[in-house]
1. For the stretch A:46-152, give me every one of the helices (runs of 4 or more DSSP H) that falls completely inside it and has 1 or more residues that are within 14 Å of another protein chain (Cβ to nearest Cβ) and buried (at least 17 other Cβ atoms within 10 Å of the Cβ).
2. For the stretch A:9-23, does any single residue satisfy the condition of being among the acidic types (Asp, Glu), within 26 Å of A:ASN127 (Cα to Cα) and assigned by TED's automatic domain parsing to the domain that holds A:ALA71?
3. Can you tell me which of (1) in contact with a strand residue (DSSP E or B) (Cβ under 8 Å, 6 or more places away or on another chain); (2) outside the structural domain of A:LYS215 (by TED's automatic domain parsing) is the one A:GLN144 doesn't meet?
4. Of the residues in the stretch B:143-152, how many are within 12 Å of the ligand (Cβ to nearest atom) and either open to solvent by 20 Å² or more (accessible area, probe 1.4 Å) or of a type in the set (Asp, Glu) (or both)?
5. In this structure, does A:LEU301 turn out to be in contact with a Leu (Cβ under 9 Å, 6 or more places away or on another chain) and either part of a helix (DSSP H, G or I) or surrounded by 13 or more Cβ atoms within 10 Å (Cβ to Cβ) (or both)?
6. If I go through the stretch A:195-218 residue by residue, how many of them are in a helix (DSSP H, G or I) and either within 14 Å of another protein chain (Cβ to nearest Cβ) or in contact with a His (Cβ under 7 Å, 6 or more places away or on another chain) (or both)?
7. Checking B:GLU132 against (1) open to solvent by less than 80 Å² (accessible area, probe 1.4 Å); (2) within 11 Å of another protein chain (Cβ to nearest Cβ), which single condition isn't satisfied?
8. List the number of the failed condition for B:PHE90; all other conditions in (1) touching an Asp or Glu at 6+ places or on another chain (Cβ under 9 Å); (2) open to solvent by less than 80 Å² (accessible area, probe 1.4 Å) hold.
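The values are calculated or read from the model by the stated rules, or taken from the named source; none is laboratory data. All of these numbers come straight from a predicted model, not from anything done at the bench. A quick note on method: Cβ atoms are made from the backbone with ideal geometry, for glycine too, and the neighbour counts reach across all protein chains shown. Calculation scope for accessible area: heavy atoms of the full protein, side chains included, ligands and nucleic acids excluded. Shrake-Rupley method; radii C 1.70, N 1.55, O 1.52, S 1.80 Å.
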Amino acid sequence: MKNRSLVSINDFTKEEIIKILDLAESFEKNPRQNILNGKVIASLFFEPSTRTRLSFESAVQQLGGSIIGFASAATSSVQKGETLKDTILTVSNYSDLIVMRHHVDGSARYASEVASVPIINAGDGANQHPTQCLLDLYSIRKTQGTLDNLDIAFVGDLKYGRTVHSLTIALTMFNTRFHLVSPPELKLPSAVKRHIKEANLQYEQYTDFMDVMPKCDIIYMTRIQRERFPDPLDYEKVKNAYILQNQMLTGSKDKLKVLHPLPRVNEITTDVDSNPKAYYFEQALNGVYVRQALVASILGLA
Amino acid sequence: MSNKRKELIVSAIENGTVIDHIPAESVFQVIRILGLDKTDKQVYFGINLESKKFGTKGIIKISEKYFENVEVNKIALVAPSATMIEIRDFEVVSKNNVKIPETIEKIVKCFNPNCITNHEQVETKFRVFYDENNDLKLACRYCEKNTSRANVVFL
Ligand SMILES: [Zn+2]
């Protein structure tokens, strides 16, 4: 994918995704190499996201590349009213590749049209976060040995969760059976379900978390936020129903793994952390290898 | 009323384009989409005219101007029933129905307020598709959200 921007997971075929995951696997075996020596990567976080930014910056620096950029719009010229276009055109002059996160939907696609260097989208508003999606796929494949024919449960806020939408759409390429667990107010949007139907795959919707426990290979947890409910009473009714506690995992499949995009608040109790089925911290580490694979292949170095 | 008298409701043109069978309520939108409010050519229009097919209809005649298909198809969103008639020397040279294009650029606003096209000077671009109920939807190239026909706002 030399010189190609990574804006949306929807731009990629199954074969291209698998190629990136295979490359990430080789970086996991050998994460410190000097292949980015002399390369300058711009890291433009118009919207702060410490976790994603550090993952990218660690990925680049472990490969010997250098980083320029900013961690929030407050410390950049954006605060003085500079347009996104002007910032991107300027930074294109100073770097070989731009990693950007921005609160406006579609900002990454637009940046990729104006920039003279490739863009990696590290999150554009409520729209896409393709590197998260790829690291989720990587984590699923690594723990299950395959991406094909799995039973995957998504739990919590399926309506607003951007990571859930992207991952669901990506998984429709792999013959997944979807188990969708959420309060009725936060069901998966019909636009996303349409992708499942178009791929001729099955989904089931549940309100009771325990109904999916014995069936799943992966449980993908998300947080239910209070502000999603216009009526605070509705939030009070569901807030404890979608919290994963250690004893709930009794009776689940041996190979089950629990994933979460992090940061976690209270939706997984800390007693789950020491259960070998908990995988969310390793999942985050996998993000470094996936980002190394992306940067290296876009720069034509792997 | 004789046929001759009816023809005179909107003047005949020597050379140019007649857009017929426009839904009466869409005439002003069609004028705006085709930029006829800014042209220096002679433009005639009629609304609430009798139509055998639709009850009432609108019609627009533009002197000394012909349109490319791409231009014409822009009006398909508001006037899918319209016919484009090319006139040369008072004669009908060709007659074409408008077709809804596969992509729509510049003329429609993305309904998502947090879309980049509503934040910076970015021309909108949509892919046209039909959902499972066969309703027309516009998929934004930027924010990837779908604008339905009911939410279409012209720029
Ligand atoms: Zn949009």
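1. A:84-92, A:107-114, A:130-144
2. For the stretch A:9-23, residues among the acidic types (Asp, Glu), within 26 Å of A:ASN127 (Cα to Cα) and assigned by TED's automatic domain parsing to the domain that holds A:ALA71: absent.
3. Every listed condition holds for A:GLN144 apart from (2).
4. First, pick out the residues of the stretch B:143-152 that are within 12 Å of the ligand (Cβ to nearest atom): B:143-147, B:151.
Cutting the leftovers down to either open to solvent by 20 Å² or more (accessible area, probe 1.4 Å) or of a type in the set (Asp, Glu) (or both) gives us B:144-146, B:151.
Of the residues in the stretch B:143-152, 4 are within 12 Å of the ligand (Cβ to nearest atom) and either open to solvent by 20 Å² or more (accessible area, probe 1.4 Å) or of a type in the set (Asp, Glu) (or both).
5. Working: in contact with a Leu (Cβ under 9 Å, 6 or more places away or on another chain): yes; either part of a helix (DSSP H, G or I) or surrounded by 13 or more Cβ atoms within 10 Å (Cβ to Cβ) (or both): yes.
Criteria met by A:LEU301.
6. Restricting attention to the stretch A:195-218, the residues satisfying the condition of being in a helix (DSSP H, G or I) are A:195-198, A:209-211, A:213-215.
If we keep only those that are either within 14 Å of another protein chain (Cβ to nearest Cβ) or in contact with a His (Cβ under 7 Å, 6 or more places away or on another chain) (or both) too, we end up with A:195-198, A:215.
Counting residues in the stretch A:195-218 that are in a helix (DSSP H, G or I) and either within 14 Å of another protein chain (Cβ to nearest Cβ) or in contact with a His (Cβ under 7 Å, 6 or more places away or on another chain) (or both) gives 5.
7. (1)
8. Answer for B:PHE90: the failing condition is (2).
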